[in-house]
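Every number in this text was worked out from the coordinates using simple rules, so none of it is lab data. Quick caveat, the model's predicted, so the values are computed rather than measured. Cβ placement follows ideal geometry from the backbone for every residue including glycine, while neighbour counts extend to all protein chains displayed.
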Amino acid sequence: MAISRSTGYGMVAAGYVAMNDKDGPVLANAISKAYNIPLEYLLKIMQQLVRANILRSKRGPRGGFTMARPAQEITMLEIIEAVNGSICGHFDIAAQANNAPYSVKMEQVCKEASEKCTAILRKTTLADML
């Protein structure tokens, strides 16, 4: 499983907001500067996290980003899928190889690996990372 740059930035941003949420809304500019992430790019990613009910955003002079839910209730899978979409891939290995026995086994192994990865990310919370 490859983690895209956008997904990595989303995980970093969620972690940063979770760690600093107690001090009030976190400015995207602070995250951008702390981790050298282009601000406009980061803002798009953070809006995806808002739409997924991971973060909340507030405009205005006292605005910024806060956690929409406690970090204990947010899984790493939710963060990844908020930014990158579903990580469960469709494996068409067997169909591409006319259902040759080896290709069916390959597809089964890939599916099992994907399911295990998804299970780990589903049970790991943002709080576990902090």
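A few comments on the model shown:
- Proxy reagent accessibility, fewest Cβ within 10 Å first, across M76, M46: M76, M46
- Residue-count net charge about P38 - beta-carbon cut-off 14 Å; Lys, Arg +1, Asp, Glu -1: +2
- Measuring nothing but how far apart in sequence close Cα pairs (under 8 Å, 6+ apart) lie, relative to its length, segment 67-130 scores a relative contact order of 55 percent.
- Prolate/oblate/rounded label for segment 67-121 (Cα gyration tensor, a/c 1.5): prolate
- Calculated mean residue ellipticity at 222 nm for the chain: -18000 deg cm²/dmol, from DSSP H runs with n ≥ 4 weighted as -39500 (n - 2.57), summed, divided by the residue count and rounded to 500.
- With θ taken as phi - 60° and the Karplus curve 6.51 cos²θ - 1.76 cosθ + 1.60 applied, the whole-hertz 3J(HN,Hα) list for segment 117-130 is 4, 4, 5, 5, 5, 5, 8, 9, 9, 4, 4, 4, 7, 8 Hz, x standing for glycine and proline.
- For segment 19-130, the relative contact order is 26 percent, taking Cα pairs closer than 8 Å that sit 6 or more residues apart in sequence and dividing their mean separation by the residue count.
- Where trypsin sites (Lys or Arg not before Pro) fall in DSSP loop in segment 61-121, at most 11 other Cβ within 10 Å: R62
- Cα gyration tensor category, rounded, prolate or oblate, for segment 1-86 with a/c compared to 1.5: oblate
- Legend: residue pairs K33/K58; K44/K105; K33/K116; K44/K111, Cα-Cα distance threshold 28 Å; pairs beyond threshold, K44/K105; K33/K116; K44/K111.
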